[in-house]
Amino acid sequence: MPHKVKIANLNRKIDALHARYCASFICQLRGLTFRRQIARDEGLLLVQLRDSRLEASIHMLFCFTDLAVIWLDSSLRVVDKVLARVWRPAYVPARPAKYILEIQPERLGDFEVGDQIEFENA
């Protein structure tokens, strides 16, 4: 069962953000597909086994809302970010990542490449 984590950006003050910690294959397969909206303070944190570009790639098939996608490496540093549009076949981070944070599109500006992120159990 996925648990929730509080996301903090150590480089800038951001509004409260809680994400479902999603490490299992089934949780990641389901992701945010078929969702029509996502609340401003919620998100999904997909967790891979290791830093990788290929394993950290995502699709937006069957997604009905755009998402801000933030990729983090194993040291919890932002390595890439993108506004992912609905029904696009693939997005791949510019650098290897272990964590993929999917949040509401208007939150994209809360993160910049190089920012240090912190997770805390919610």
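Bear in mind these aren't lab numbers, they're just calculated from the coordinates by the rules spelled out. This is a predicted model, so every value here is computed, not measured. For neighbour counting, all protein chains shown are included, and Cβ atoms are generated from backbone atoms with ideal geometry for every residue, glycine included.
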May I ask you to list the chymotrypsin sites (Phe, Trp or Tyr not before Pro) in segment 63-100 that are in a DSSP loop and have at most 15 other Cβ atoms within 10 Å of their Cβ? PHE64, TRP87
Residue by residue through segment 36-43, the couplings from Karplus 6.51 cos²θ - 1.76 cosθ + 1.60 with θ = phi - 60°, in Hz, x for Gly and Pro, are 8, 7, 9, 5, 4, 9, 10, x
Between LEU49, LEU83, LEU67, find the one with the highest GNM mean-square fluctuation for the chain; connect C-alpha pairs within less than 10 Å. LEU49
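Under the rule that an exposed site lies in a DSSP loop and has at most 16 other Cβ atoms within 10 Å, name the longest stretch of the chain with no trypsin sites (Lys or Arg not before Pro) of that kind, not counting the sites themselves.
Details: sites that count: ARG12, LYS13, ARG35, ARG36, ARG40, ARG53, ARG85.
Segment 86-122 is the longest.
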